[in-house]
1. Filter the range 1-25 for residues that are open to solvent by 10 Å² or more (accessible area, probe 1.4 Å) and part of a helix (DSSP H, G or I) and give the result.
2. Filter the range 1-31 down to the residues that are under 11 Å from the mean Cα position of the chain (by Cα) and among the hydroxyl-bearing types (S, T, Y) and list them by number.
3. Scan K145, K68, K64, K80 and give me the residue that is modelled with pLDDT under 95 and in contact with a Gly (Cβ under 6 Å, 6 or more places away or on another chain).
4. If I ask for residues that are open to solvent by 40 Å² or more (accessible area, probe 1.4 Å) and touching a strand residue (DSSP E or B) at 6+ places or on another chain (Cβ under 9 Å), which ones from the range 26-41 would you list?
5. Out of S117, S126, S136, S113, which single residue is of a type in the set (G, A, S) and at pLDDT 90 or above?
6. Of all residues being modelled with pLDDT under 90 and touching a helix residue (DSSP H, G or I) at 6+ places or on another chain (Cβ under 9 Å) in the range 16-43, which is farthest from Q105 (Cα to Cα)? Just the residue, please.
7. If you take the residues of the range 87-113 that are under 22 Å from K17 (Cβ atoms) and open to solvent by 40 Å² or more (accessible area, probe 1.4 Å), which of them is nearest to the chain's Cα centre (by Cα)?
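The values are calculated or read from the model by the stated rules, or taken from the named source; none is laboratory data. All of these numbers come straight from a predicted model, not from anything done at the bench. Quick reminder, even Gly has a Cβ in these numbers, built from the backbone with ideal geometry, and neighbours come from all protein chains shown. Only protein heavy atoms, including side chains, enter the accessible area calculation; ligands, DNA and RNA are left aside. Shrake-Rupley method; radii C 1.70, N 1.55, O 1.52, S 1.80 Å.
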Amino acid sequence: MFNRILVAIDKSELINKILDVTMEIAHNKRTHVTLIHVSNLNVAMGLPYIPEDYLEEILIEMDKDSIKYLEEAKSQLISKGISTEIIHLKGDPAHEILKYAKNNQQQLTVIGSRGLSGMKEMMLGSVSHKVSQLSSCPVLIVHLKN
């Protein structure tokens, strides 16, 4: 049913559940999975003055961690015979996920949700909520809570 699946991952406790769901959907099909992680560049918002070189070091380390994280997830899918590629983007996570999905004709987006509600969601925003509301393709939200 879905030949092109975009899987948005971050460094949360949801990763194993998201990958399990993805493997279940893509298993024994000619499905191509794209794993995507978006680094939010607003890491210094609200912090006192930070030297520019220190901030650059933090961003370089974030990039390295993101690639490592994506590679680990990719190896899990590859071990199950699922065609997989990784994409690391920078910017607003919801915007970048939506843009990538649309520009690359993704047929399904899989994304996790920690189940924030009420004031927490209103204050922090919810990437999964934004993606589900604005996506041009179906969105499967994997929740931490059962």
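1. Selection gives I15, N16, K17, D20, V21, M23, E24, I25.
2. Residue satisfying the conditions is S12 alone.
3. Numbers: K68 fails: in contact with a Gly (Cβ under 6 Å, 6 or more places away or on another chain); K64 fails: in contact with a Gly (Cβ under 6 Å, 6 or more places away or on another chain); K80 fails: in contact with a Gly (Cβ under 6 Å, 6 or more places away or on another chain).
The conditions single out K145.
4. Step one: of the range 26-41, the residues open to solvent by 40 Å² or more (accessible area, probe 1.4 Å) are 27-30, 32, 40-41.
Within the range 26-41, R30, H32, N40, L41 meet the criteria.
5. Details: S117 fails: at pLDDT 90 or above; S126 fails: at pLDDT 90 or above; S113 fails: at pLDDT 90 or above.
Just one listed residue meets the conditions, S136.
6. V43
7. Per the criteria, the residue is H88.
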